């Protein structure tokens, strides 16, 4: 058994990393009440982003990233948003809104993520999963020239309290606001 573990451990270091970045290589925004956020591209065409949240405090926290449907089979991180400043200096705030699940007819649960001290939680999100209410843009479209993106997370308590889970409102949710580093993209 020891030989199998050794071989697997040795192989894991030789595998190439093809998408995203490890937590050590990420650029991070300022910490807010022990939570820090990172935004990075997943691939070279900039259509997919990696958003990471990490706990830099000395105590565990619990995040409510949004809502889940179908008993956790669909996870919608609606508490994550993107601020876009385009090459003309125009700034817009985009909110997560996956178009595949725009109509909800059934049970919703909070998207609860326990984050132990020193741990990181990573999401992969696509630009077409965001929309801007003010400008009526139904996805993030990157214009020619440099664009600047910044992710944000707004912590909140339990909101989807169901009859079979009333105790969720007692959980110690992180209630702060945190922003990522600024990601510069030039398509």
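Every number here is computed from the coordinates shown, using simple stated rules; none is lab data. Just so it is clear, the model here is predicted, and its values are computed rather than measured. Heads up, the Cβs are rebuilt from the backbone with ideal geometry, glycines too, and the neighbour counts pull from every protein chain shown.
Annotations for the structure displayed:
- Sorting 150-159, 26-35 by their mean Cβ neighbour count within 10 Å, with the most densely packed peptide first, gives 150-159, 26-35.
- Residue 128 paired with residue 186, simple spin-label distance in nm, labels 7 Å along Cα-to-beta-carbon: 2.7
- Each residue in 68, 165 was given a count of other beta-carbon atoms within 10 angstrom of its own, and listing them fewest first yields 165, 68.
- Cα gyration tensor shape for region 107-187, rounded if a/c is under 1.5, else prolate or oblate: prolate
- Packing-based ranking of 87-97, 57-67 yields 57-67, 87-97, ordered from highest to lowest mean Cβ neighbour count within 10 Å.
- Label point distance in nm, residue 112-residue 164, each placed 7 Å from Cα along Cα→Cβ: 1.4
- Fewest-first ranking of 85, 184, using other Cβ atoms within 10 Å as the exposure measure: 184, 85
- A simple packing score, the average count of other Cβ atoms within 10 Å per residue, orders the peptides 129-136, 36-43, 175-182 as 36-43, 175-182, 129-136, with the highest score first.
- Segment residue 47-residue 146, extension gain: residue separation times 0.36 nm, minus the distance between their alpha carbons: 34.2 nm
- Evaluated over region 19-185, the Cα radius of gyration and Dmax, each in Å: 16.1, 51
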